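Asks: Following this message is one structure expressed as structure tokens.
Any read-out appearing in this document is the output of simple, stated calculations on the displayed coordinates, not a laboratory observation. Model, not experiment: these values are computed from the prediction. Cβ placement follows ideal geometry from the backbone for every residue including glycine, while neighbour counts extend to all protein chains displayed.
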Amino acid sequence: MAIYECKECGADVSDKAGTCPKCGVPAPTTVFSDKSPKCIIDGCYNLSGVREKHNGMCFQHYEASNNKNSIFLIIIFAIVVLGIGSLF
């Protein structure tokens, strides 16, 4: 176990800690870089997925975004089908 500085507040934190005991930021010792970037969603401290595939979002936010888009498309499709069905 090693002690590192929290990336947000600078407090000493174990590398095994899930959150900083002082400021509460998740993953306080994770260092982001060009090769391992942070999710683009504000307040999310997860590593983002492959930039081209996930649009800079972590896997959880990418999946949530896809689910919202799928539901929206299903609703639009149902409205179109009902509209066409009412013409006959």
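Asks: For Cα Rg over 2.2 N^0.38 Å, which listed value, (i) 1.70; (ii) 1.07; (iii) 1.59, comes from the coordinates shown?
Replies: (i)
Asks: Could I ask something else about it? Under 16 Å between alpha carbons: how many lysine pairs meet that in the chain, if sequence neighbours fewer than 8 apart on the same chain are excluded?
Replies: So the count of such lysine pairs works out to 5.
Asks: Return a whole-number percent for the relative contact order of the chain, with Cα pairs under 8 Å and 6 or more residues apart as the contact set.
Replies: 14 percent.
Asks: Another question, then. Would you calculate, for the chain, the mean residue ellipticity at 222 nm contributed by helices, counting each DSSP H stretch of 4 or more residues as -39,500 (n - 2.57) and dividing by all residues, to the nearest 500?
Replies: Calculated at 222 nm, the ellipticity per residue is -12500 deg cm²/dmol.
Asks: Now for a different question. Counting Lys and Arg as +1 and Asp and Glu as -1, each charge on the Cβ, what is the dipole of the chain about the Cα centre in debye, to the nearest 20?
Replies: Value, rounded to 20: 160 debye.
Asks: If I model a spin label at Asn46 and Phe59 as a point 7 Å from the Cα along the Cα→Cβ vector, what separation in nanometres do I get?
Replies: With each label placed 7 Å out from Cα toward Cβ, I get 0.8 nm.
Asks: Taking 41 Å as R0, compute the FRET efficiency from the Cβ-Cβ separation of Tyr4 and Lys68 and round it to 0.05.
Replies: Rounded to the nearest 0.05, the efficiency is 0.70.
Asks: How far apart, in nm, are two points set 7 Å out from the Cα along the Cα-to-Cβ line at Asp34 and at Lys22?
Replies: Computed distance between label sites Asp34 and Lys22 equals 3.1 nm.
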